[in-house]
Amino acid sequence: MESIRQLFKIGNGPSSSHTMGPRKAAGLFVDEARGAASARVTLYGALATTGRGHLTDKAILDVITPHMPAEIVWRPEIVLPFHTNGMNFTAIDADGHETLSRTYYSIGGGDIVLEGESRTKAESIYSMSKIKEIQQWCEQTGRSYWDYVGEAEGDGIWDYLARVWQVMKSAVERGIEAEGVLPGGLGVRRKAVSYYVHAAGYNSSLKSRGLVYAYALAVSEENASGGEIVTAPTCGSCGIVPAVLYHLHTSKGFSERRILRALATAGLFGNVVKHNASVSGAEVGCQGEVGVACAMAAAAASQLFGGTPAQIEYSAEMGLEHHLGLTCDPVCGLVQIPCIERNAYAAARALDANLYAAFSDGRHSVDFDRIVEVMKQTGHDIPSLYKETAQGGLAAIK
């Protein structure tokens, strides 16, 4: 299992698979194609279907055009065998001859794979990749999930997570101050500032819930505007973990050090899903994005409130289990409807999962690893019409 640095990526939205991944692929292509007269980029499957709404073409052209002119070809009717988010980069010389061709796949969370290479190319640094194994280690040693992250990653991970936390906080704070209409043509107005202001007028319980909504909306709206965010585990679900951590940091006074430990715990649970299943909406639907983010945030909250390893696992299990089957069907291909609202709702759900587990001893019938297996199978069974195609479900509403 690779480093959680590959899960928590800092970059610009609105989509990890449709914006961050293609931008990364374009950079690799430019490094190889220097000296070419022009380039042609062909987008396939889900990338072509929802690419305009996700600013895929802009992300690619912003990287390539400073070096050479480029055209984008859209082929939504063709789905390449390896993954639905396929893209081909072709370099062309001054005589019109093709001199280089590279096909990449954007597999979720900002990760890309070159055709013919293994999707597990990144170095494996964790000896255990199942939560059951890690939980047993915690119980036998008396240590915590974040201890296991620190042991596997080394001391440098804490500096990296501090940077991640700073970007998350900044996204919340920018988002609750920003107003206006989000780009993309749907006319969706920013709501974070309104929820933040209205929360002040309620009693403590409702105020708390309103603030969680506001923080999740703030980050999700920043993402939809192309702002700097952290994939947690993706751009489309980037508001959930920051909302929960920011709220608990500001309202409960949890220290920065404890927040970083909770962030490590969240990353570990997300990493297990990414390794054993997927966090790509195009591959397994929104259960792999919002569902996994909810599980991560629930685990983080349970960690902060002193949950046992079993209670933390139970919190995460509920966060994912109760999002099984969630489709990815964004209206017009934009990471706005239902994505933004879904982030706010899932952030509140994560806190509920923590509370529910805290009332228990952590024992329950179906463990987290089994839910990950079910999520993977469910994702494969969901028709492609409901996996980031913008052709079915909510996306078909006119």
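Quote the relative contact order of region 54-137 in percent (integer), defining contacts as alpha-carbon pairs under 8 Å separated by 6+ residues.
Details: 60 pairs, mean separation 12.1, N = 84.
Computed value for region 54-137: 14 percent relative contact order.
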Legend entry - In degrees, nearest ten, helix 156-175 long axis to first principal axis of the chain (Cα): 80
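Accessible area per residue for region 1-120 in Å², computed with a 1.4 Å probe and the full protein assembly in place, what is it?
Values: 4780 Å² over 120 residues.
I get 40 Å² per residue for region 1-120.
Carbon and sulfur together cover what percent of the accessible area of the chain at a 1.4 Å probe radius? Please report the intermediate quantities before stating the final value.
Numbers: 7820 of 15880 Å².
Ligands and nucleic acids excluded, carbon and sulfur reach 49 percent.
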Legend entry - Share of alpha-carbon pairs per 5 Å distance bin for region 1-71, given as whole %: 3, 16, 26, 21, 18, 11, 4, 1, 0
Inset, instruction - Ignoring everything but the protein chains, give the 1.4 Å probe accessible area of Arg370 in square angstrom, nearest 10. - result: 120
Inset, instruction - Using only the alpha-carbon atoms of region 230-270, report the extent along each of the three principal axes, biggest first, to the nearest angstrom. - result: 28, 18, 12
Legend entry - region 208-258 - percent relative contact order, Cα under 8 Å, separation 6 or more: 35
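For the chain, take the convex hull of the Cα atoms, compute a quarter of its surface area, and give me that in nm², please. It would help to have the intermediate numbers written out before the result.
Details: hull surface 76.5 nm².
Convex hull of Cα atoms, orientation-averaged projection: 19.1 nm².
If you place +1 on the Cβ of every Lys and Arg, -1 on the Cβ of every Asp and Glu, and leave all else neutral, what size is the dipole of region 222-307 about its Cα centre, to the nearest 20 Debye?
Numbers: 5 positive and 5 negative charges, 81 e Å.
It comes to approximately 400 debye.
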Inset, instruction - Holding the Cα-Cα limit at 29 Å, pick out from Lys207/Lys387; Lys24/Lys207; Lys169/Lys191; Lys191/Lys274; Lys9/Lys376 the pairs that are longer than that. - result: Lys207/Lys387; Lys24/Lys207; Lys191/Lys274
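Rounded to the nearest 20 Debye, what is the dipole magnitude of region 252-398 about its Cα centre when Lys and Arg each give +1 and Asp and Glu each give -1 at the C-beta?
Working: 12 positive and 15 negative charges, 78 e Å.
Approximately 380 debye in magnitude.
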Legend entry - Residues listed by number, region 14-47, amide nitrogen under 12 Å from Thr99 label point at 7 Å toward C-beta: 32-39
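How many percent of the alpha carbon pairs in region 183-292 exceed a separation of 18 Å? All intermediate terms of the calculation are to be shown ahead of the outcome.
Numbers: 3394 of 5995 pairs.
Summing the P(r) tail past 18 Å for region 183-292 gives 57 percent.
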Legend entry - Virtual spin-label span in nm between Leu186 and Ile125, 7 Å along Cα→Cβ: 3.6
Legend entry - Cα-based helix-to-principal-axis angle, 131-141 vs the chain, degrees rounded to 10: 40
Inset, instruction - Report the accessible area of Glu256, computed with a 1.4 Å probe over the heavy atoms of all protein chains in place, in Å² rounded to the nearest 10. - result: 80
Legend entry - Solvent exposure, largest accessible area first (probe 1.4 Å, DNA, RNA and ligands not counted), of Glu221, Glu321, Glu173: Glu173, Glu321, Glu221
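By the scheme Lys and Arg +1, Asp and Glu -1, what is the net charge of all other residues having a beta-carbon under 12 Å from that of Ala300? Mind dumping the intermediate values first?
Values: positive: Arg258, Arg261; negative: none.
Local charge sum for Ala300: +2.
For region 9-113, report the % of Cα-Cα distances exceeding 18 Å.
Values: 2194 of 5460 pairs.
Counting every Cα pair in region 9-113, those more than 18 Å apart make up 40 percent.
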Inset, instruction - Just round it to a whole percent: the fraction of Cα-Cα distances in region 282-398 exceeding 16 Å. - result: 58
Inset, instruction - Select from Leu7, Leu182, Leu80 the residue farthest towards the positive end of the dipole of the chain; place +1 on Cβ of Lys and Arg, -1 on Cβ of Asp and Glu, and compute about the Cα centre. - result: Leu182
Legend entry - Degrees separating the helix 309-321 axis from the principal Cα axis of the chain, which is the longest one: 50
Inset, instruction - Could you pull the accessible area for Ser204 with a 1.4 Å probe, rounded to 10 Å²? - result: 100
Inset, instruction - For region 119-254, report the convex hull volume of the alpha-carbon atoms normalised per residue, in Å³, without decimals. - result: 157
Inset, instruction - Could you let me know the centre-to-centre spacing of region 172-188 and region 310-370, using Cα atoms, in angstrom? - result: 25
Inset, instruction - With a point put 7 Å past each Cα toward its Cβ, work out how far Arg370 is from Ser204 in nm, to one decimal. - result: 3.9
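Mind checking the dipole of region 189-244: about its Cα centre, +1 per Lys or Arg Cβ, -1 per Asp or Glu Cβ, Debye to the nearest 20?
Numbers: 5 positive and 3 negative charges, 55 e Å.
In debye, rounded to 20, region 189-244 gives about 260.
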Legend entry - Normalised contact order of the chain, rounded percent, pairs of Cα under 8 Å and 6 or more residues apart: 19
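For Ser170, what charge total do you get from the other residues with a beta carbon under 15 Å from its beta carbon, if Lys and Arg give +1 and Asp and Glu give -1? Intermediate values should be presented prior to the final figure.
Details: positive: Arg163, Lys169, Arg174; negative: Glu173, Glu177, Glu221, Glu222, Glu228, Glu256.
Within the 15 Å Cβ shell, the charges total -3.
The values are calculated or read from the model by the stated rules, or taken from the named source; none is laboratory data. In this text the structure is predicted, and so the values were computed from the model without any measurement. Positions of Cβ are backbone-derived with ideal geometry, glycine not excepted, and every protein chain shown enters the neighbour counts. Heavy atoms of the whole protein, side chains included, go into the accessibility calculation; ligands, DNA and RNA do not. Shrake-Rupley method; radii C 1.70, N 1.55, O 1.52, S 1.80 Å.
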